[in-house]
1. Under the rule of at least 5 residues apart or a separate chain, name every residue whose amide H is placed under 5 Å from the amide H of Lys298.
2. Given +1 on the Cβ of Lys and Arg, -1 on the Cβ of Asp and Glu, and no further charges, what dipole in debye does the chain carry about its Cα centre, rounded to the nearest 20?
3. So how tilted is helix 196-211 from the main axis of the chain? Cα-based, degrees 0 to 90, rounded to 10.
4. If you filter region 117-167 for GluC sites (Glu not before Pro), then keep DSSP loop positions with at most 16 other Cβ within 10 Å, what is left?
5. With semi-axes √(5λ) of the Cα gyration tensor in Å defined as stated, name the option among [x] 53, 20, 17; [y] 46, 21, 17; [z] 31, 25, 21 computed from the structure displayed.
6. Using +1 at the Cβ of each Lys and Arg and -1 at the Cβ of each Asp and Glu in region 129-252, identify which of Pro246, Ala236, Pro156 lies farthest towards the dipole's positive end.
7. Given H placed on each backbone N at 1.01 Å, which residues far from Gly187 in sequence or on other chains put an amide H within less than 5 Å of it?
8. Enter the mean projected area of the convex hull around the alpha-carbon atoms of region 164-231, in nm², rounded to one decimal.
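Just so you know, all these numbers are worked out from the coordinates, no wet-lab data involved. Since this is a predicted model, take the numbers as computed values, not measurements. We place every Cβ from the backbone using ideal geometry, glycine too, and count neighbours over all the protein chains shown.
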Amino acid sequence: MSKTKVSIKDIAQKAGVSTALVSYVLNGKEKESRVGQEIALKVKQIATELNYQPSHLAKSLRSGKTHTIGLIIADISNPFFANIARVVEDEAKRNGYTVIIGSSDENADKSRDLLDVLINRQVDGFIIVSAEDSKEQIQLLLDKHIPFVLLDRYFPEIPTDFVSTDHYRASYDAGTHLIRNQYQRIGMIAYDSQLFHMQERIRGYQDALRDSKVTGQEHWLKRIKINAIDAGVKAAIDTMLAADEPVDALLFATYSLAVSGLKHINSLGIKVPDDLGIVSFGQAEVFELYYCPITYLKQPIVLLGQTAVELLVKKLTHKSTEPAQILMKAELIERASSKTKKSVVT
């Protein structure tokens with residue numbers, strides 16, 4: 001069997017027509033080129049019989065489009081981002097696009113390098129989970145009129161398309177859930193970050209306490225450097241538990257912080273939820289496998305990923321001008337780690 005690549009010329013010779021006519025048919029332009037239905041069908045059948053594979057490079061040169069999307073995520077090792085990358089890839093494929101994935105590892109320099117590489121690869125557009133200190137990169141894409149959609153993290157002062165969880169409402173719901181279950185001294189461990197989504201998670205927690213008439217203490221909120229998670233979380237928990245009024249519950253702002261925190265809590269012999277109630281952002285199998293299943297905020301991963309692709313494809317095909325800005329609700333999945341606290345009889 002010959003391995004020679006079948007060309008449009010081969011199809012034209014077998015069909016007894018011109019190469020231009022074959023090109024019109026295979027590019028779906030037979031109607032505007034007034035090609036008869038019968039001959040168009042014949043060309044398509046011959047193309048199938050010969051196993052014709054179109055040249056994407058040639059098509060890209062003609063159209064100026066590569067039908068590729070650059071996906072830059074913050075941390076591929078995080079289950080949330082790994083899962084959302086798969087959703088984006090599947091949805092993009094369904095729309096005729098290939099995805100090139102890069103992980104910035106929460107580093108602005110690496111994010112910039114990835115953008116440069118993918119722009120040079122001539123991707124049609126981007127879906128981006130922004131890293132810390134990457135605001136200027138986003139503004140530059142906007143200034144250069146490069147199509148993109150921000151996913152999960154966005155900059156409210158920049159008029160861009162984005163799809164994200166409502167981080168404020170999710171954190172607020174987590175705080176009120178713990179208060180409703182009779183926890184009174186609720187701490188939060190978050191990243192020391194200026195990214196808007198993290199600030200919103202902190203604000204939601206603080207407002208939940210305030211609206212429930214709980215006076216928060218300074219040592220209840222700890223911000224951890226992202227490059228020193230284990231040491232930071234350990235020190236934060238130790239400080240919270242050593243206070244005159246130790247916390248009786250913890251809200252972890254991310255999955256990674258929760259995993260680190262649970263390891264340290266175990267090493268201290270602290271029982272969840274008898275000694276300490278726990279709620280975390282992010283869903284992962286480890287939360288189900290822990291001896292006390294962890295209550296978590298489930299973000300709508302599938303809908304987030306699908307909507308991001310939908311918005312970008314719309315920008316690429318319809319040249320939409322008004323930015324679409326979509327917030328989605330997280331669902332609080334209640335497990336044993338935050339069950340109603342037992343009253344202490346004195």
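1. Result for Lys298 returns Glu331, Leu332, Ile333.
2. Roughly 1360 debye, rounded to the nearest 20.
3. Here the helix axis deviates by roughly 40 degrees.
4. When the GluC sites (Glu not before Pro) of region 117-167 are filtered for loop state and at most 16 Cβ neighbours within 10 Å, Glu157 remain.
5. [x]
6. Of Pro246, Ala236, Pro156, it is Pro246.
7. Here Asp248, Ala249, Leu250, Leu251 satisfy the definition.
8. If I average the Cα hull's projected area over directions, I get 5.0 nm².
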